[in-house]
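For reference, the structure is listed below as structure tokens.
Just so you know, all these numbers are worked out from the coordinates, no wet-lab data involved. All of these numbers come straight from a predicted model, not from anything done at the bench. Backbone-built Cβ (ideal geometry, glycine too); neighbour counts: all protein chains shown.
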Amino acid sequence: MADAPTPAAASPAPSAVRFDAHAARRALERLARQPQPPWLHLEAARRMGERLEWIRHQPEVVLDWSGAAGVNTALLSAAYPRAEQLVWREGAMTSAAAAPWWRRWTLGGGAPRSVESGGIQPGEAGLVWSNMRLHFERDPLPMMQAWHRALAPGAFLMFSTLGPGSLSLLRELYAASGWGEAHAPFVDMHDLGDMLVASGFAEPVMDQETLSLNYASPDALLAELRGLGVNAAPGRYPGLRTPRWKAGLLEQLQARADREGRLVLQLELVYGHAFRGADTGPKVEAQTQIALDDMKSMLRKPGRRQ
């Protein structure tokens, strides 16, 4: 059962986790070659879509920042049929890694368009939607900052990702067998909330739920995991595993089956939403001119002595 949504407290954001970015990139490229996203990503999108009912804001521009982790055009079109749909594509990031962040947009359902040819401008999106993409990042903070730049004041963000309650079965097995790290660490939802605050978001709310998946055999479990990603932990075994090792893995997994012969794998789904706060007050530069009426309005704000 999902925990009740909890407002995130403002505190310093944690540092980046230990992570092999190249391995994550290979996993995203493999996901992009699949005919459709993994069922888990589709299910996470469906559950995240139910949370849209909490939001009254009706965006005119919806930006899907899921990339190769799973584009959810049909779901977003059903929720916001009048909104312009934009898709952030993994390939754009790969081919233009050194380009400014705003050059990494493409128009959903059409040919790629850059800002110069009429694409989205920074601060124009009414909703940034990112489904099951964030756990492929070594450091979530820069991506959150890019989300913030993309949103208009008062617009909102919704995302889903994997939390540290995921894959405990594999972690315990690898630790007991001395096989190194089973996967790269997942960031706790409270730390993600802190990162949202550090990125400039207002009113971040985080919640989570744990899915228990049953498998009839170790082979079925491993086949599913291969479709979801890759071990991006720097402390993983550096070489190729042998058939003998795989046989040992299958044996160890089978030994952890329940009385009915089923293997239970838990995945923690973390959901977050936050608003980009409205910009208030004039921007102060080296030299700033403020109209007299604006100055009077600022002095009349609550909390100021008249």
>> Sort 240-250, 267-277, 34-44 by the packing proxy (mean of other Cβ within 10 Å over each peptide's residues), most packed first.
In response: 267-277, 34-44, 240-250
>> When a/c reaches 1.5 or more, the comparison of a/b and b/c decides; with that in mind, is the stretch 226-267 rounded, prolate or oblate per its Cα gyration tensor?
In response: oblate
>> 7 Å from Cα along Cα→Cβ at both E43 and A247: what's the point-to-point distance in nm?
In response: 3.3
> If you plug each phi of the stretch 200-210 into the Karplus form 6.51 cos²θ - 1.76 cosθ + 1.60 with θ = phi - 60°, what whole-Hz ³J(HN,Hα) values come out, in order, with x for Gly and Pro?
Replying inline: x, 7, 10, 6, x, 10, 10, 8, 8, 8, 10
> By its C-alpha gyration tensor, with a ≥ b ≥ c as the square roots of the eigenvalues, how is the stretch 181-282 shaped: rounded for a/c under 1.5, else prolate for a/b larger than b/c, else oblate?
Replying inline: prolate
>> Using 0.36 nm times the number of residues separating A32 and A176, minus their current alpha carbon distance, what extension gain do you get?
In response: 48.4 nm
>> I need the P(r) histogram for the stretch 122-240: all alpha carbon pairs, bin width 5 Å from 0 out to the longest distance, whole percents.
In response: 2, 9, 17, 20, 16, 12, 10, 7, 4, 2, 0
> By average Cβ neighbour count within 10 Å, what is the ranking of 190-201, 166-177 from highest down?
Replying inline: 190-201, 166-177
> Using 0.36 nm per residue, how much length does the chain from L222 to A74 gain when fully extended, once their Cα-Cα distance is taken away?
Replying inline: 50.3 nm
> What ranking do 203-215, 121-133 get when scored by the average of other Cβ atoms within 10 Å per residue, highest first?
Replying inline: 121-133, 203-215
